[in-house]
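Reading through the structure tokens given below for one structure.
The values are calculated or read from the model by the stated rules, or taken from the named source; none is laboratory data. This is a predicted model, so every value here is computed, not measured. Ideal geometry is used to build each Cβ from the backbone, glycine not excepted, and the neighbour counts take in all protein chains shown. Quick note on the areas: whole protein, heavy atoms, side chains included, nothing else; ligands and nucleic acids left out. Shrake-Rupley method; radii C 1.70, N 1.55, O 1.52, S 1.80 Å.
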Amino acid sequence: MEFKGALDAHYDQMLAQHQKAIDNKEAIANWESEVLDALEEAMQAIKKNDVDTAMCCIDYAMKLI
């Protein structure tokens, strides 16, 4: 019985580590998307000669990085 309990505990630990890796991957994807969105918005502002908005977007992206 002790072996089964240890095996179950090991399985639960491995499952938790796997879930943490999935969560980290999703968090990185969300972060990356937010940075790219800010830079895209900066590019659109530059195309419109809106320097203030572009600088704000770039500043925001840099803070995320």
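Computed from backbone phi, the HN-Hα couplings of segment 31-44 come to 4, 4, 4, 5, 5, 5, 4, 5, 5, 5, 5, 4, 4, 5 Hz, rounded to whole numbers (Karplus: 6.51 cos²θ - 1.76 cosθ + 1.60, θ = phi - 60°; Gly and Pro given as x).
Of the trypsin sites (Lys or Arg not before Pro) found in segment 10-65, those in coil by DSSP whose Cβ has at most 11 other Cβ atoms within 10 Å are Lys48. At a probe radius of 1.4 angstrom, the accessible area of the chain per residue rounds to 87 square angstrom. According to the calculation over all Cα-Cα pairs in the chain, the P(r) per 5 Å bin from zero is 3, 18, 14, 12, 9, 7, 8, 6, 6, 6, 4, 4, 2, 1, 0 %.
Once every DSSP H run of n ≥ 4 in the chain is given -39500 (n - 2.57) and the sum is divided by its residues, what mean residue ellipticity at 222 nm do you get, rounded to the nearest 500 deg cm²/dmol? After summing the helix terms and dividing by the residues of the chain, the value is -33500 deg cm²/dmol. Partner aspartates and glutamates whose Cα lies under 18 Å from the Cα of Lys47, excluding those fewer than 8 positions away in the same chain, are identified as Asp37, Asp59. Once the Cβ-Cβ distance between Asp59 and Asn30 is put in as r, and R0 is 30 Å, what FRET efficiency do you end up with, to the nearest 0.05? My answer for the efficiency is 0.90.
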